[in-house]
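Engineer: Provided herewith is a single structure, encoded as structure tokens, for subsequent inquiry.
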């Protein structure tokens, strides 16, 4: 999952000349977006800008699918992925205002079966801890239960499995982006409100804001005629792929929306929770917004001379920093073939959202387009973000490709004549991921996950006691090493894993598995 946390490119450092240029006109935005689509090889995108309480730009570009060539418009729905997290924190803020919970309440007060990796953390883990990526767990830990899609893990599995995770930092001391704890937050919304997270968001947020064409679950969609189709360029020329299947709940990344509706979302944020023609209605209070826009988890500040930033960190569902003295509130999102960015500059009463439908170039489009637009309102020079980010991505991709190419070349030349495949055949089990089987399939070792059916594929000998796995699932960059530990007789007893490519998505947290032979 090319699911970048909000800080991607946030600290991209370049020196610049302080020659200001005017705010972009709609025609200049058109030219910017069209160029970015070509530069990053992206099928389609949609862009919207709100300023001073008004929608000043809302438009689609490119195509929903290269198979149909139907154009994207401002009503075309995309998966907004982790931009859903701010809807979850808003739902919780509304419940706080209703007196149904408090931000400092312990999670076990509402979900007694919630169990973390030690008793102290379990007993002290509060609602804010669910939302601020400071649990002590590593980046994306446990995401293999969600990615790739199609696994059979349930919320009960998630709640039980935290106890098996090994922390990498002290509780509440370090930022490491996660998704699983937002699923717990979604479960919490359901238990406290009496309706599912999906129903709450649909009825209590979408409906009052007039986000009539947005959905909190794919299961609610019956007409896909104006939906963007995900695309990928992972394995060669651009091709369409399947929509990501349902998660356990949508609290971490399940919303499907369009730029026309998301304008209403940006406006209610910029209006401190007020909405309606005369701003006479209130979705949440300014006090709640201050809590959501408060630094809860600190991050290092890159003293970028372009933006003269002095702080950065994470609030509740939002990334926070300052750009030339202006607060910036933003987040990105990513699922296979669907990448997005929302950025708000409250001091300028400005909001920008960019939705895209192609991995991996979508992140380039949402970064370059949103940054160029925001820079124009900050009075900064035209920084040629499209070119700079394209050059950065090209270098990163080239370096990663060189490493993976070398691995597969080594595999092709490897002498496995001294390897007895039967020594590796067996059933192995990880405490949280469950069972996997290593078997023989057509005279080749084969890896099969019992609970995540897309994680299966041939195992080719690499070197020493390690094998390279080429998954049958190739919509994402996820191929992995399996490294066996042997007993004194040369029979495999356990497996450690790690991704092959340095550009592997962090949700493929193979390194967190500890597979022990059970059969």
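Engineer: Compute the helix-to-body angle for 259-270: its Cα long axis versus the longest principal axis of the chain, expressed 0 to 90° and rounded to tens.
Structural biologist: The angle comes out at about 70 degrees.
Engineer: Give me the distance in nm between label points sitting 7 Å out from Cα along the Cα-to-Cβ direction at residue 122 and residue 485, one decimal.
Structural biologist: It works out to 2.5 nm between the two label points.
Engineer: Could you sort the peptides 402-415, 40-53, 238-251 by per-residue average Cβ neighbour count (10 Å cutoff), highest mean leading?
Structural biologist: 40-53, 238-251, 402-415
Engineer: Please compute the contact order of the chain in relative form: average sequence separation of alpha-carbon pairs under 8 Å and at least six residues apart, divided by the residue count, as a percent.
Structural biologist: Dividing the mean separation by the residue count of the chain yields 20 percent.
Engineer: Which distance in nm do the two modelled labels at residue 35 and residue 429 give, with both placed 7 Å along the Cα-to-Cβ direction?
Structural biologist: Placing both labels 7 Å along Cα→Cβ, they lie 5.9 nm apart.
Engineer: If I take R0 = 45 Å and measure r between the Cβ atoms of residue 102 and residue 68 in this structure, what FRET efficiency does the formula 1/(1 + (r/R0)^6) give, to the nearest 0.05?
Structural biologist: In this case the efficiency is close to 0.35.
Engineer: While we're looking at this one, here's another question. Modelling each spin label as a point 7 Å along the Cα-to-Cβ direction, I'd like the residue 155/residue 410 distance in nm, to one decimal.
Structural biologist: In this crude label model, residue 155 to residue 410 measures out at 4.4 nm.
Engineer: Please sort 150-158, 73-81, 455-463 by packing, taking for each peptide the average over its residues of neighbouring beta carbons within 10 angstrom, highest first.
Structural biologist: Per-residue mean Cβ counts within 10 Å order the peptides as 73-81, 455-463, 150-158.
Engineer: In whole Å, how far is the Cα centre of region 385-450 from that of region 60-99?
Structural biologist: Here the two parts' Cα centres lie 34 Å apart.
Engineer: Compute the long axis of helix 385-413 from its Cα atoms, compare it with the longest principal axis of the Cα atoms of the chain, and write down the angle in degrees, 0 to 90, nearest 10.
Structural biologist: Taking Cα atoms only, the helix is inclined about 10 degrees.
Engineer: At a Förster radius of 56 Å, what calculated FRET efficiency corresponds to the Cβ-Cβ distance of residue 463 and residue 280, to the nearest 0.05? Don't jump to the answer; show the numbers that get you there.
Structural biologist: Details: r = 69 Å, r/R0 = 1.23.
After rounding to 0.05, the efficiency reads 0.20.
Engineer: Right, something else. So if we plug the beta-carbon distance of residue 441 and residue 25 into 1/(1 + (r/R0)^6) with R0 = 60 Å, what FRET efficiency do we get, rounded to 0.05?
Structural biologist: Working: r = 59 Å, r/R0 = 0.99.
Working from the Cβ atoms, E equals 0.50.
Engineer: Could you tell me, in Å, what Rg and Dmax come out for the Cα atoms of region 295-423?
Structural biologist: Both quantities, over Cα of region 295-423: 20.4, 68 Å.
Engineer: Still on this structure, please answer the following. Compute the long axis of helix 361-378 from its Cα atoms, compare it with the longest principal axis of the Cα atoms of the chain, and write down the angle in degrees, 0 to 90, nearest 10.
Structural biologist: Taking Cα atoms only, the helix is inclined about 30 degrees.
Values quoted throughout were computed directly from the atomic coordinates according to the rules given, and no laboratory measurement underlies them. No experiment lies behind these values; they were computed from the predicted model shown. Here Cβ is always computed from backbone atoms with ideal geometry, including for glycine, and neighbour counts include all displayed protein chains.
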